[in-house]
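The values are calculated or read from the model by the stated rules, or taken from the named source; none is laboratory data. Treat the numbers as computed from the prediction; the structure is a model and nothing was measured. We place every Cβ from the backbone using ideal geometry, glycine too, and count neighbours over all the protein chains shown.
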Amino acid sequence: MMRTQMPEWRKLAEHHERTREAHLRELFAADPERGTRLTLEAAGLYLDYSKNRVTGETMRLLFALAEACGLPRAVRDMFAGERINTTENRAVLHTALRNRANAPVPVGGRDVMPAVNAVLARMADFARRVRAGQWTGHTGRRMRNVVNIGIGGSDLGPAMAAEALKPYGDRNLRVCFVSNVDGTHFAEAVRGMDPAETLFIIASKTFTTLETMTNARTARAWTLEALRDEAAVARHFVAVSTSAAEVRAFGIAPANMFEFWDWVGGRYSLCSAIGLPLMIAIGPENFAEMLEGFHAMDRHFAGAPLDANMPAILGMLGVWYNNFFGARTHAVLAYDQYLHRFAAHLQQLDMESNGKSVSRGGQRVAWATGPVVWGEPGTNGQHAFYQLIHQGTQMVPADFIGVCRSHNPLGDHHDKLMANLIAQTAALAFGKTAEELRAEGLRGGLIAHKTFDGNRPTNTILAASLTPHALGALTALYEHKVFVQGVIWDVNSFDQWGVELGKQLASAVLPELAPAGEPDLRHDSSTNALIRRYRGRRGR
Ligand code: F6P
């Protein structure tokens, strides 16, 4: 049945009609316990969802919708390795990558855990050797630079986590990430690096991605130009991929390849061998701690009833705003500088997963699916775009993420940071009325400008400290939130056909940019004109 025709959906629509004007000021006034009642702890994270425009009835109706859409069954199917990625006929088992309980997870009748554990063990052995200076380069020098070359899911997760967990990293080892096919990215990343001390990790699920292969070839040329011996490739290049054949074709020996599997989606692959640069940066023990955090959230998600289930609550709140209030974006505002790439990771996780307009059955959906996800770390955003969140004409539901203990407890910085986080959520919820302004002595035309309507919904997520465990739990929380929403919106959250057309067109345009001859351009007039303009002015 079409989602919007389900009785549970209709009940929510009616409920929305009745309650949409309810103000958080009234909801809090009517229930002094609200700020502690609408909270939850899981996997070391604390969630306060009291500043959402919901009543107990709203949450009951949202959970009823989740039940009716088959969420509990869908969760079981994912964890059990059913082929829920139907358009690619694949299981979706990123949870097996951090299955610390090691319970068997069968795919096609075979337990995947021995292979998962074997790759983790190889990664740990390699990471230890690089960190200890035992994995030396072609000239016998220890590696001081590790450059991950990958893009999308083969970049964003480990890049985000390497930044987030910097305090756990070996500061003598520079771990950096090159993704963009823009040569500037590579050139600036390796500027000042000595090829004799530089290890490249070529990370690509398919090992055919244009950007990654281009950067990888450039990296090989850069290395060989300095070291002047093909044999150097074996010491300076390792690969992370699902395709041994493509890795071999590129010239990296299977012994230097770390495997993962087609049942790991790119944007869900941080816990696979794609996490190798992170493991080298923070060490296998800290990496294992991160996996524990992921696993703790996985267990919570799989086991907790919907009304006490953090990913389900966050997911259904997003549905409430997206589908009933018409919110089109979702802000993720991390009050921790180390999390400055967290929103970028979530953008791929969420938008590549749920940015779909066709249902799992192949019909066009008649309801809104994934929102635009965006964000910058606090407090920077406060002095940039928060104006619109406070007083703009559209509702921007937002998650505020903070930690109670800083890794850098300088003076009173952290109290000031957290005071801002807490104050923002209160200001957004309760605003400031014209009466309050008058009581403060304000008169005249400025009252309209200085009035804050409030009633702007937020979640607050707090961790004790940004440890590997906390980062794992936080990342898994969002993975599962995205899953919940994909089930409600009836989309396949695990394919990404929408990125293909641009790739195909780029390969058609590329030869037309080559300097030789005058190409017979058969595109639309804009595309043709852009190609001609570029050809006429290109650098070479
Ligand atoms: O183009 C999108 C995409 O396929 C992502 O889903 C993926 O994470 C990224 O490209 C990189 O793909 P690969 O790991 O195969 O290089």
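If you take the residues in segment 157-181 that are surrounded by fewer than 24 Cβ atoms within 10 Å (Cβ to Cβ) and within 16 Å of the ligand (Cβ to nearest atom), which one is nearest to Ile202 (Cα to Cα)?
My answer is Ser179.
May I ask you to verify whether Arg76 is in a helix (DSSP H, G or I), within 22 Å of Lys481 (Cβ to Cβ) and at pLDDT 95 or above?
Numbers: in a helix (DSSP H, G or I): yes; within 22 Å of Lys481 (Cβ to Cβ): yes; at pLDDT 95 or above: yes.
Spelling it out, Arg76 is indeed in a helix (DSSP H, G or I), within 22 Å of Lys481 (Cβ to Cβ) and at pLDDT 95 or above.
Scan segment 238-262 and report the pairs whose first residue is more than 12 Å from Ile202 (Cβ to Cβ) and whose second residue is modelled with pLDDT under 95 and exposed (fewer than 14 other Cβ atoms within 10 Å of the Cβ), with Cβ atoms within less than 6 Å and a gap of 6+ or a chain change.
Close Cβ pairs satisfying both conditions: Ala244/Pro254.
Is it true that some residue in segment 299-321 is surrounded by fewer than 20 Cβ atoms within 10 Å (Cβ to Cβ), more than 18 Å from the chain's Cα centre (by Cα) and hydroxyl-bearing (Ser, Thr, Tyr)?
Within segment 299-321, none of the residues are surrounded by fewer than 20 Cβ atoms within 10 Å (Cβ to Cβ), more than 18 Å from the chain's Cα centre (by Cα) and hydroxyl-bearing (Ser, Thr, Tyr).
At least 2 residues that are at pLDDT below 95 and more than 30 Å from Ala74 (Cβ to Cβ) in each: list the helices (runs of 4 or more DSSP H) lying fully within segment 436-540 that qualify. If you could, list the steps in order and put the result at the bottom.
Details: elements: 446-450, 468-489, 500-509, 525-537.
The qualifying helices (runs of 4 or more DSSP H) are 500-509, 525-537.
Quick grid of which residues meet (1) hydroxyl-bearing (Ser, Thr, Tyr); (2) buried (at least 18 other Cβ atoms within 10 Å of the Cβ); (3) not in a loop (DSSP other than H, G, I, E, B):
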site: Asn52; (1), (2), (3): no, yes, no
site: Thr58; (1), (2), (3): yes, yes, yes
site: Glu67; (1), (2), (3): no, no, yes
site: Pro72; (1), (2), (3): no, no, yes
site: Val92; (1), (2), (3): no, yes, no
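Which pairs have Cβ atoms under 8 Å, sit 6 or more apart or on different chains, and link a residue in segment 146-170 that is touching a residue at least 12 places away in the same chain (Cβ under 8 Å) and assigned to a helix (DSSP H, G or I) to one that is more than 12 Å from the ligand (Cβ to nearest atom) and basic (Lys, Arg)?
Leu156/Arg341; Ala159/Arg341; Met160/Arg341; Glu163/Arg341; Ala164/Arg341
If you go through segment 484-500, how many residues are closer than 22 Å to Pro371 by Cβ and within 16 Å of the ligand (Cβ to nearest atom)?
First pass over segment 484-500, keeping only residues closer than 22 Å to Pro371 by Cβ: 484-499.
Now narrow it down to the ones that are within 16 Å of the ligand (Cβ to nearest atom): 486, 491-499.
Matching residues across segment 484-500 total 10.
Scan (1) farther than 23 Å from Ala429 by Cβ; (2) under 26 Å from the mean Cα position of the chain (by Cα) for the single condition Asp48 breaks and write down its number.
(1)
Is at least one residue of segment 251-258 within 12 Å of the ligand (Cβ to nearest atom) and on the phi < 0 side of the Ramachandran plot? Spell out the reasoning first.
Taking segment 251-258 first, the residues within 12 Å of the ligand (Cβ to nearest atom) are none.
So far as segment 251-258 goes, no, none of its residues is within 12 Å of the ligand (Cβ to nearest atom) and on the phi < 0 side of the Ramachandran plot.
Report the residue count in segment 508-540 for those that are surrounded by 10 or more Cβ atoms within 10 Å (Cβ to Cβ) and among the small types (Gly, Ala, Ser).
Matching residues across segment 508-540 total 3.
Which one of these does Tyr335 not meet: (1) farther than 15 Å from Ile461 by Cβ; (2) in contact with a Phe, Trp or Tyr (Cβ under 8 Å, 6 or more places away or on another chain); (3) buried (at least 22 other Cβ atoms within 10 Å of the Cβ); (4) aromatic (Phe, Trp, Tyr)?
Of everything listed in (1) farther than 15 Å from Ile461 by Cβ; (2) in contact with a Phe, Trp or Tyr (Cβ under 8 Å, 6 or more places away or on another chain); (3) buried (at least 22 other Cβ atoms within 10 Å of the Cβ); (4) aromatic (Phe, Trp, Tyr), Tyr335 misses just condition (1).
Matching residues to (1) assigned to a helix (DSSP H, G or I); (2) away from the ligand (no atom under 16 Å from the Cβ); (3) not hydrophobic (A, V, I, L, M, F, W, C):
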position	(1), (2), (3)
Trp261	no, no, no
Arg267	yes, no, yes
Pro277	yes, no, yes
Phe294	yes, yes, no
Arg299	yes, yes, yes
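Quick one: count up the residues across segment 108-145 that are touching a residue at least 40 places away in the same chain (Cβ under 8 Å) and outside any helix (DSSP H, G or I).
Selection size over segment 108-145: 11.
Determine whether Val373 is β-branched (Val, Ile, Thr), within 16 Å of the ligand (Cβ to nearest atom), closer than 27 Å to Gly486 by Cα and under 22 Å from the mean Cα position of the chain (by Cα).
yes
Search segment 216-235 for residues being part of a helix (DSSP H, G or I) and basic (Lys, Arg), and hand back the single one that is farthest from the ligand (Cβ to nearest atom).
Taking segment 216-235 as the starting set, the residues that turn out to be part of a helix (DSSP H, G or I) are 216-227, 230-235.
Restricting the remaining residues to those that are basic (Lys, Arg) gives 217, 220, 235.
Values: Arg217: 14, Arg220: 17, Arg235: 23 Å.
So, considering only residues that are part of a helix (DSSP H, G or I) and basic (Lys, Arg), the one farthest from the ligand (Cβ to nearest atom) is Arg235.
Of the numbered conditions (1) assigned to a loop (DSSP other than H, G, I, E, B); (2) of a type in the set (A, V, I, L, M, F, W, C); (3) free of Cβ contacts under 8 Å to residues at least 40 places away in the same chain, Ala29 satisfies every one except a single condition; which is it?
(1)
Filter segment 197-215 down to the residues that are in a helix (DSSP H, G or I) and either exposed (fewer than 14 other Cβ atoms within 10 Å of the Cβ) or within 24 Å of the chain's Cα centre (by Cα) (or both), then identify the one that is farthest from the ligand (Cβ to nearest atom).
Just the residues of segment 197-215 that are in a helix (DSSP H, G or I), to begin with: 197, 210-215.
In the following step, the residues that additionally are either exposed (fewer than 14 other Cβ atoms within 10 Å of the Cβ) or within 24 Å of the chain's Cα centre (by Cα) (or both) were identified as 210-213, 215.
Numbers: Leu210: 9, Glu211: 8, Thr212: 5, Met213: 8, Asn215: 11 Å.
Going through the qualifying residues, I end up with Asn215.
Looking for something more than 27 Å from Met290 (Cβ to Cβ) and not charged (D, E, K, R) - is there at least one such residue anywhere in segment 404-415? Step through it out loud before you land on a result.
So the first thing to find is which residues in segment 404-415 are more than 27 Å from Met290 (Cβ to Cβ), and the list is 411-412, 415.
From what's left, not charged (D, E, K, R): 411.
Checked against the condition, which is being more than 27 Å from Met290 (Cβ to Cβ) and not charged (D, E, K, R), segment 404-415 yields at least one hit.
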